[in-house]
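Chemist: The following block contains the structure, expressed as structure tokens.
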Amino acid sequence: METSVAPTNAEFLASVATKSDGAALRGDYTQADAQYVVTQNWAAYTEEEHELWRKLYARQAALLPGRACDEFVEALNKMDASGGIPILATTSEALFAATGWVIVAVPGLIPEHSFFDHLANRRFPVTVWLRTPEEFDYIVEPDIFHDFFGHVPLLFNPVFADYMQRYGQGGLKAMRLGGLDELARLYWYTVEFGLINTPQGLRIYGAGILSSGGEVEYCLKPGTASRHIRLDIERCLRTLYKIDSYQESYFVIDSYQQLFDGTAPDFTPIYEKLKHMDVLPANTLLATEIELLPH
Ligand code: HBI
Ligand code: FE
């Protein structure tokens, strides 16, 4: 990576460490700076919240063997966050040492421009608050369990980390080109709901699946109505997705390098072309496509 990135993030870590107040409350954007960054007020989490985290973690970790990709499981184990809601700055330091990424604490969903700007500068926004016990199985918005457990482990992988930065750069560009809906589908079907082909079979790398109790099992189950098809970026950019049910399509990659290389070209002509084409429903299977999950 460019050498200019490292000092920027090191300075950032230093500035966060000196802030004394902080935020951990859902929906509290009053503490956020211009980039929507807050300080994680770790002392404010209750014992009930730590206990809920431990339960979420234990349930999810037990589902991973044979389903999550090895890179995810190995990094997650090293992160050592099974005991309670983690201190983000601690993992951020380890992550910075591994791939030059840092974690920034945010109050929840943030505007697209800020989100992309963080990614483009190797900063991953992690929401500070934890879901309620009623949301154990399903939550609409990202919380700290989804963001930290689901997203942070793969950022320890150098190639995936580089893809995420390139995605952020592409996001800023898509905003200027009117390609945001299209590019958001790529994030959804890779970073959130992606599968990867390995010698041992299909494995999960998408954070939306890996942080969901039900979909970890569902997405690899033979005989469901869902598609498992090879990722073709242009095809993916045309494909609508489900936000309130399990996915009807899962796009499968062969390597993280495929993501990095596939996002190297200028998407301008693709956005132009797609403006004249219909979007595809989430359950589409084109005549040329092959279902990859053996029945
Ligand atoms: N904000 N905190 C947060 N997390 C996200 O995943 C996120 C966001 N803002 C915008 C956004 N995602 C999207 O537009 C991307 O999914 C493309
Ligand atoms: Fe996410």
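The values are calculated or read from the model by the stated rules, or taken from the named source; none is laboratory data. Note that this is a predicted model, so its numbers are computed, not measured. Methodologically, a virtual Cβ is constructed for each residue, glycine included, from the backbone with ideal geometry; neighbour enumeration extends over all protein chains shown. Areas reflect the complete protein model, heavy atoms only, side chains present, ligands, DNA and RNA absent. Shrake-Rupley method; radii C 1.70, N 1.55, O 1.52, S 1.80 Å.
Chemist: Quick one: if the Förster radius is 22 Å, what FRET efficiency do residue 132 and residue 58 give, using the C-beta to C-beta distance and rounding to 0.05?
Modeler: On the way: r = 18 Å, r/R0 = 0.82.
E between residue 132 and residue 58, to the nearest 0.05, is 0.75.
Chemist: Between region 27-60 and region 267-295, how far is it from one alpha carbon centroid to the other, in angstrom?
Modeler: Here the two parts' Cα centres lie 38 Å apart.
Chemist: A follow-up question, please. What is the distance in Å between the Cα centres of region 165-185 and region 99-145?
Modeler: 18
Chemist: Now a separate question. Give me the 1.4 Å probe accessible area per residue for the chain, excluding ligands and nucleic acids, in Å².
Modeler: That works out to 45 Å² for each residue.
Chemist: OK, next. For the chain, what does the equivalent ellipsoid look like in terms of its semi-axes, each the square root of 5 times an eigenvalue of the Cα gyration tensor, given largest first in whole Å?
Modeler: Equivalent ellipsoid of the chain: 30, 23, 18 Å, largest first.
Chemist: I need the calculated FRET efficiency for the pair residue 48 and residue 87, taking r as the beta carbon distance and R₀ as 25 Å, to the nearest 0.05. Don't jump to the answer; show the numbers that get you there.
Modeler: Working: r = 18 Å, r/R0 = 0.73.
Result of the calculation: an efficiency of 0.85.
Chemist: More than 21 angstrom separation, counting every C-alpha pair in region 155-254; what % is that? List each step's numbers first, then the result.
Modeler: Values: 1633 of 4950 pairs.
The share of Cα pairs beyond 21 Å in region 155-254 comes to 33 percent.
Chemist: On the full set of protein chains, 1.4 Å probe, figure out the accessible area of residue 114 and give it in Å² to the nearest 10.
Modeler: 10
Chemist: Further question: What's the local net charge at residue 273, with K and R +1, D and E -1, over the other residues with C-beta under 14 Å away?
Modeler: -3
Chemist: Give the carbon-plus-sulfur fraction of the accessible surface of the chain in %, rounded to a whole number; probe 1.4 Å, heavy atoms of protein chains only. Don't skip to the end; give the middle numbers.
Modeler: On the way: 7370 of 13300 Å².
So the carbon and sulfur contribution to the accessible surface is 55 percent.
Chemist: So who's got an amide H within less than 5 Å of the one on residue 249, skipping anything under 5 residues away but keeping other chains? H placed 1.01 Å off N, in plane.
Modeler: 227
Chemist: When the Debye formula is applied to the Cα atoms of region 211-295, each taken as the same point scatterer, what base-10 log of I(q)/I(0) results at q = 0.12, 0.14, 0.15, 0.27 Å⁻¹?
Modeler: -0.42, -0.56, -0.65, -1.41
Chemist: Hey, what do the phi angles of region 188-196 turn into as Karplus ³J(HN,Hα) couplings, whole Hz, using 6.51/-1.76/1.60 and θ = phi - 60°, x for Gly and Pro?
Modeler: 4, 7, 10, 4, 8, 10, x, 10, 10
Chemist: Can you list, bin by bin at 5 Å, the percent of alpha carbon pairs in region 32-115, starting at 0?
Modeler: 3, 12, 17, 20, 21, 18, 8, 1, 0
Chemist: May I ask you to evaluate 6.51 cos²θ - 1.76 cosθ + 1.60, the Karplus curve with θ = phi - 60°, for each residue of region 99-104 and list the ³J(HN,Hα) values in order in whole Hz, giving x for glycine and proline?
Modeler: 9, x, 8, 10, 9, 10
Chemist: Would you grab the residues whose amide H sits under 5 Å from the one on residue 280? Only those 5+ places off in sequence or on another chain, please, with H modelled 1.01 Å from N.
Modeler: Residues meeting the criterion, in which the H sits 1.01 Å from N, are 239, 240.
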